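For reference, the structure is listed below as structure tokens.
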Amino acid sequence: MSYFSDIYNGVKSLITGMKVTGGYFIHARKGAITQQYPDNRETLKMFDRFRGEVVMPHDENNQHRCTGCQSCEIACPNGSIEIIWDRAIDPETGKKKKKIDKHIYHLSMCTMCGLCIEACPTDAIVWAQNYENSVYDRSYLTKTLNQPGSTVQAGVED
């Protein structure tokens, strides 16, 4: 008796699947759903959750939010982030304060896990929408995130 019930359940499942597929076929949207990538570079917008590469936003005064705490470097499971820093005397307080020289990001080693962004206490690094990362020389995938001459925004503390 289970032989016939298995056949009945299989046919029932097939009809249910065909009903869903037929519904999509009949009520299809007008226009193409597939993106024609090289032809639509100007209009292509990646979705908000897309993880392209890590960037450090700077404001119009060339200031960023990175204090050099190295939380992102510690959180990265494979060493994609490297922070080179030094201590300099703060002119306001006269005390030594950590100052980043270079915030280096190795895109070629990044697994896009997002642990560095979650670990950053000041939200200094974010995901960018850049998706064109193919290069012939791997050295182009090593990027310095902080711009030359940039400083930390006022009010951002360790």
Test for residue 46: is it over 30 Å from residue 98 (Cβ atoms) and in contact with a Gly (Cβ under 9 Å, 6 or more places away or on another chain): yes
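Let's see how each residue does on (1) closer than 12 Å to residue 125 by Cβ; (2) surrounded by fewer than 14 Cβ atoms within 10 Å (Cβ to Cβ); (3) modelled with pLDDT of 90 or more; (4) basic (Lys, Arg):
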| position | (1), (2), (3), (4) |
| --- | --- |
| 65 | yes, no, yes, yes |
| 76 | yes, no, yes, no |
| 84 | no, yes, yes, no |
| 92 | no, yes, no, no |
| 98 | no, no, no, yes |
| 101 | no, yes, yes, no |
| 106 | no, no, yes, no |
Condition check for residue 157: within 18 Å of residue 83 (Cα to Cα), outside the structural domain of residue 57 (by TED's automatic domain parsing) and not in a strand (DSSP E or B): yes
Test: residue 70 is at positive phi and either touching a helix residue (DSSP H, G or I) at 6+ places or on another chain (Cβ under 8 Å) or surrounded by 14 or more Cβ atoms within 10 Å (Cβ to Cβ) (or both): yes
Test: residue in segment 59-77 that is in the same structural domain as residue 143 (by TED's automatic domain parsing) and in contact with a Gly (Cβ under 7 Å, 6 or more places away or on another chain): yes
Residue count for segment 108-132, restricted to those that are surrounded by 13 or more Cβ atoms within 10 Å (Cβ to Cβ) and among the charged types (D, E, K, R): 0
Set 42, 73, 60: member being among the charged types (D, E, K, R) and touching a strand residue (DSSP E or B) at 6+ places or on another chain (Cβ under 7 Å): 73
Given (1) outside any helix (DSSP H, G or I); (2) loosely packed, with under 10 Cβ neighbours inside 10 Å, index of the condition residue 59 fails: (2)
Answer residue from segment 25-53, given it is surrounded by 10 or more Cβ atoms within 10 Å (Cβ to Cβ) and in a helix (DSSP H, G or I) and is modelled with the lowest pLDDT among those: 37
Tally of residues being surrounded by 14 or more Cβ atoms within 10 Å (Cβ to Cβ) and in a loop (DSSP other than H, G, I, E, B) across segment 133-154: 4
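The values are calculated or read from the model by the stated rules, or taken from the named source; none is laboratory data. Only a predicted model underlies this, so the values are computations on that prediction, with no experimental measurement involved. Quick reminder, even Gly has a Cβ in these numbers, built from the backbone with ideal geometry, and neighbours come from all protein chains shown.
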